[in-house]
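One structure below.
The values are calculated or read from the model by the stated rules, or taken from the named source; none is laboratory data. Quantities reported herein were computed from a predicted structural model and do not represent experimental measurements. Every residue, glycine among them, receives a Cβ derived from its backbone with ideal geometry; neighbour counts consider all protein chains shown.
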Amino acid sequence: MRLTALFVLLTALAAVPSAQSAPPPAPAAPVPGPAAFLQVFKERRSVRNFRPDAVPREHLLQILDIARTAPTSGNQQPWKFLVIQDRSRLDALAAATVEAYAALYQESKKPTEPELAAFRDKYRQVCARYLSAPVFIVVLTDSKSKYPDYNKWDGPMAAGYLMVAARALGYGTVFCTDSFPFDVVKRVFDIPDRYEVVCTTPLGVPVEWPAAPPKKALEDFVAWERLAE
Ligand SMILES: Cc1cc2nc3c(=O)[nH]c(=O)nc-3n(C[C@H](O)[C@H](O)[C@H](O)COP(=O)(O)O)c2cc1C
C-alpha cells in the first residue's frame, strides 16, 4: 500500500466521532420529490448539438458549485473548472482540433488531397456541432494537489456531478476525452502544465434531448454476495 493511501485513510478516520462524542443528528430527510431527483440522473444524456441560447451566469455558478461538492480523496479538492465563452477562443479550438486530426489522418491513411479536404470539412462540421453551445468547460485537476495519485478518481467525480447538475437545470453536456485532444485544448487555452485535463464538455440547451442509447439491464451489473466468472 502506498503512503498516500495511509494519509487519505487518516483523513477519513479523523471524521469518525470518538465514543464520547454526542450522538450524530438524525439523518436528513429525503430531498423533496426524490423521484424527480432520481429522474434527473436517468435523463442526463450526452448532447452533441446545441441551441445558441445563453446560459445565465447564475446557472453556471450553480452547476460549478455542485461540481465542487463531489467526493474527493482526503478532501483534497484538486479541481479547476476552466469556463470558455469567448467565441474567438472556441473557433481557435475548432481550427486546431481539425488540424490535429487531419495530421493524424494524413499520417495513418495517406489520403489524396481531395480525401484530406473532405476529412477536414467533415471534422469541421463535427466541431461546429459540439461548439454550438455557448459555454465550453475544461475540467482539470492540479498535479500539485495534496494527493495527486488520487486525482484520477477525484476528477471524473466532479465531472459527473457537473453533468448531472447541468441536466437538472435543463442543460446538456458531454464528457469528451477524444473529441478535442487534450494536448490541443491545453495549447489553445494556454493551460499551465501542472493541470491535467479530466475531460472537456460543451454546456448549453440541447437542440433536442437524444434518446437513450441501449443500456444493459440492471441484473447485468449487480452481483449479490458473490461474483461468478
Ligand atoms: C471516459 C469517457 C470518454 C468519452 N469521450 C467522449 C468523446 O470524446 N466524445 C463524445 O462525443 N462522447 C464521449 N463520451 C460520451 C459517451 O459516448 C456517452 O456517455 C455514451 O455513449 C453513453 O451515452 P449517454 O451519456 O447519453 O448515456 C465519453 C464518455 C466517457 C465516460
Open item on the list: Just to be sure I understand the filter: pairs with C-beta atoms under 8 Å, separated by 6 or more residues or on different chains, first member in the stretch 113-140 and under 20 Å from residue 65 (Cβ atoms) and more than 15 Å from the ligand (Cβ to nearest atom), second member at pLDDT below 95 and of a type in the set (Asp, Glu). Which pairs pass?
Closed with: none
Task: Answer from 207, 174, 197 - the residue that is touching a helix residue (DSSP H, G or I) at 6+ places or on another chain (Cβ under 7 Å) and modelled with pLDDT of 95 or more - done: 197
Task: Residues being at positive phi and without any contact (Cβ under 8 Å) to a residue 24 or more places away in the chain - total across the stretch 167-216 - done: 1
Open item on the list: Give me the residue from the stretch 141-166 that is farther than 22 Å from residue 46 by Cβ and touching a residue at least 60 places away in the same chain (Cβ under 8 Å) and, out of that set, surrounded by the most Cβ atoms within 10 Å (Cβ to Cβ).
Closed with: 151
- [ ] Take the residues in the stretch 41-76 that are among the small types (Gly, Ala, Ser) and away from the ligand (no atom under 16 Å from the Cβ), then tell me which one is farthest from residue 158 (Cα to Cα).
- [x] 54
- [ ] Determine whether the stretch 208-225 contains at least one residue that is small (Gly, Ala, Ser), within 16 Å of the ligand (Cβ to nearest atom) and surrounded by 14 or more Cβ atoms within 10 Å (Cβ to Cβ).
- [x] no
